[in-house]
Amino acid sequence: MNNQVRNKGWKLSALGVLCAALTACGSGSAPAETGGETGASGEIAASGGKTAVTMTVMTKNRFLEEAEAKFESAHPDIDIQIEEVVPADDTATGGKTMIRMGPGQNIGPSAEEVDQYVNAVNTAIMSGKAADIVSAEHLPYEKYAEEGLIADWNELADQDGAFAKSDYFENIFDGVSIGGGWYGIPTSYTLDVMVGDASLLESSGLNDETWTWNQFIELLEKEGQTGSGKFGLSMVEPEDLLADLVETVYEQLVAQDNGDAVFDGKAFQAYMENVKKLYDDGLATAEQTGPGSTNFSLVTMQMPIEVASSFTKLSGEHDALLRPPGTGQDEGIPFKSNQVLALNANSNVKEAAWEFVKFLLSQEMQSSPGLMNFPVHREALSVKLKEMQEMLAGGGGKGGKGLVMKGPNGASVELTDEDIEQVLSVIPSVGKYLNKDAKVLNMIREESAAFFSGSKTAKAVADTLANRIATYLNE
């Protein structure tokens, strides 16, 4: 990341976070029955003369439940109906969704769950029977925009004098935009960063804002020859590392040729062979390693406190927050979103749908404890950081009972005003949206596993993927 942040002492300290004060994120409850009838556009005529706004999401969470209740209370003439395709399995935790933090954690939905959601919603969209609002973070929403299946939110937002994009981190909105069109609205986001030894980059003349995967791999090979005994990467399967790599260079691998999508199998094969060589040469491992035994680690930071505390398993003297390798261009800190909302172009209740989405973006909802990731609202981020500061100091914050964060020596750690300012200074540098077509990434994981296990050659896998991906994208 930028030198300003690194020079202020962003040293990583292997902090452990006990989130006992934070409540559950989802209940897995089913959507309420209204007794209405579904139309071709997904509109449902609610009983009692109310305007029904339908919404489809993968899994309903506490944030949406809270927003639904508050919005309907303030708008008694509108009925929000949220359908979840993959209900949360919270039986093992007594109805509570546990918070999982730190590297090596499986914090997202499974490939099977993503496929289930994509197949169900894609069928509904293509048949003209989708909900008014669709959570599109796993969907090829760029393709839907090109085909006129989803609408541009700008057409509603620009007419709304009560909404100002300047209240938000517009770089996040811009990262999800398509050619100036606002076809997906992220309600929150997470950061994909790399933590590791910044001195290795400096000694090799590399800048984490513009380094490439080939440069990263060469750096690990060079460091491996020093006999330091450290892994370059750990706790990541080769097919998952490959998928992470593809996300950052997706536009280089998937290009348009006379209107058809083409997958660069030759470039992909080279990446795949380089990744395998890292594991074959002992420079990367899927195994869990001890503190200080790995030079770099890929980390998804879910919440602002993780950036503020530099939450990571590494604790070396030169460790710093870095941008992962990419295309060689300065595209900003990579981010993803667990909820990107698209508007059905066939919806008959676009204005009411916008009112609900605007409420999700309001400072009130963006500051809610139910929003577990980074808020897109500027002031809401400051509010959340201040509340976390109070919780760490024992004040409890907004409805909380205190938060305990331990340093490597076991002592309690507090969040300082300087920490908060550092987080606020980092967010404007966020820019590269990493949510790519989930089906393409799952194909890559599935096919490349055969190469990494030795049952298929790299060329065979690359050729198969080139055909599968081109066929899928050009359907």
For the range 121-177, with every protein chain kept in place, what is the accessible area per residue (1.4 Å probe, Å²)?
42 Å²
The correct pair for the range 221-327, radius of gyration to one decimal and Dmax as a whole number, both in Å and from Cα atoms, is 16.2, 51
Low-density loop GluC sites (Glu not before Pro), the range 286-375, at most 15 other Cβ within 10 Å, DSSP non-H/G/I/E/B, are Glu287, Glu317
Spelling it out for Lys456: with amide H atoms placed in the peptide plane at 1.01 Å from N, the residues 5 or more places away or on another chain with amide H under 5 Å from its amide H are Phe451
Ser73 versus Ala267: modelled label distance in nm, points set 7 Å from Cα along the beta carbon direction
5.2 nm
For the range 446-457, in residue order, the Karplus 3J(HN,Hα) values (coefficients 6.51, -1.76, 1.60; θ = phi - 60°; whole Hz; Gly and Pro = x) are 5, 6, 5, 4, 5, 6, 5, 7, x, 8, 9, 7
Charge-dipole axis of the range 159-299 as Lys and Arg at +1 and Asp and Glu at -1 on Cβ define it, positive-most pick from Leu245, Leu200, Gly265
Leu200
Scan around Ile80 for amide H atoms under 5 Å from its own, H built in the peptide plane at 1.01 Å from N, and keep only partners 5 or more places away or cross-chain.
Val53
Theoretical gain in end-to-end length, Ser127 to Asn258 [0.36 nm per residue, Cα-Cα removed]:
44.5 nm
Under the 0.36 nm per residue contour assumption, what length would be gained going from the current alpha-carbon distance of Arg445 and Glu251 to full extension?
68.1 nm
Positive-pole candidate from Pro140, Thr212, Gly232, dipole of the range 108-261, charges at beta carbon
Gly232
Under Stokes-Einstein, the range 106-181 at 20 °C and 1.002 mPa s, with its Kirkwood radius over C-alpha pairs, diffuses with a coefficient in µm²/s of 149 µm²/s
By accessible area with a 1.4 Å probe, ligands and nucleic acids excluded, highest first: order of Asp280, Asp463
Asp280, Asp463
Given a Förster distance of 51 Å, the FRET efficiency implied by the Cβ-Cβ spacing of Ser455 and Ala393, rounded to the nearest 0.05, works out to 0.40
Any chance you could run the full-extension gain for Glu237 through Asp158? It's 0.36 nm times the residue separation minus the Cα-Cα distance, nm to one decimal.
23.9 nm
Calculated from backbone phi, Karplus (6.51, -1.76, 1.60) coupling profile of the range 116-122 in Hz, x at Gly/Pro
4, 5, 4, 5, 5, 6, 4
How big is the accessible area of Leu441 in square angstrom, nearest 10, if you roll a 1.4 angstrom probe over the protein chains?
10 Å²
Karplus couplings for the range 213-219 from phi (6.51 cos²θ - 1.76 cosθ + 1.60, θ = phi - 60°), rounded to Hz, Gly and Pro as x?
5, 4, 5, 5, 5, 4, 5
Which loop GluC sites (Glu not before Pro) in the range 109-186, with loop taken from DSSP, have no more than 13 other Cβ atoms within 10 angstrom of their Cβ?
Glu147
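The values are calculated or read from the model by the stated rules, or taken from the named source; none is laboratory data. Remember, it's a predicted structure, so these values are computed and weren't measured experimentally. Neighbour counts run over all protein chains shown; Cβ positions are idealised from the backbone, glycine included. Surface accessibility is based on the protein's heavy atoms, side chains included, excluding ligands, DNA and RNA. Shrake-Rupley method; radii C 1.70, N 1.55, O 1.52, S 1.80 Å.
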